[in-house]
Amino acid sequence: MLGWALTFLVVALIAGIFGFGGIAGASAGIAQLLFVIFLVLFVVSMIARAVRGKSVT
């Protein structure tokens with residue numbers, strides 16, 4: 001998920017450099033959405049791991 005967010009961020013940056021504002025804006029929005037979903041899933045995963053009592057390592 002994080003890899004996809006970074007991919008869309010790179011696409012947005014490259015599109016912005018070349019002047020494609022619409023594509024850059026859409027890609028940046030998708031990257032933000034994927035990053036937020038990644039963070040939520042990561043926090044839920046850490047909470048589930050703590051509740052089960054397993055070590056992080």
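Rounded to the nearest 0.05, what FRET efficiency is calculated for Val10 and Ala48 with R0 set to 25 Å and r the Cβ-Cβ distance?
Details: r = 31 Å, r/R0 = 1.24.
For R0 = 25 Å, the calculated efficiency reads 0.20.
Within the range 11-57, which trypsin sites (Lys or Arg not before Pro) sit in a loop by DSSP and count at most 10 neighbouring Cβ atoms inside 10 Å?
Here the trypsin sites (Lys or Arg not before Pro) that fit, given the DSSP loop and packing criteria, are Lys54.
What whole-number value in Å² describes the accessible area per residue of the chain for a 1.4 Å probe?
Per-residue accessible area for the chain comes out at 76 Å².
What ranking, highest mean first, results for peptides 38-47, 12-21, 25-34 when packing means the other Cβ atoms within 10 Å averaged over each residue?
Working: 38-47: 11.3, 12-21: 13.3, 25-34: 16.0.
Averaged packing, sorted descending, gives the order 25-34, 12-21, 38-47.
The values are calculated or read from the model by the stated rules, or taken from the named source; none is laboratory data. Note that this is a predicted model, so its numbers are computed, not measured. When we count neighbours, we look across all protein chains shown, and the Cβ atoms used for this are built from the backbone with ideal geometry, even at glycine. In case anyone asks, the SASA skips ligands and DNA or RNA and just uses the protein heavy atoms, side chains included. Shrake-Rupley method; radii C 1.70, N 1.55, O 1.52, S 1.80 Å.
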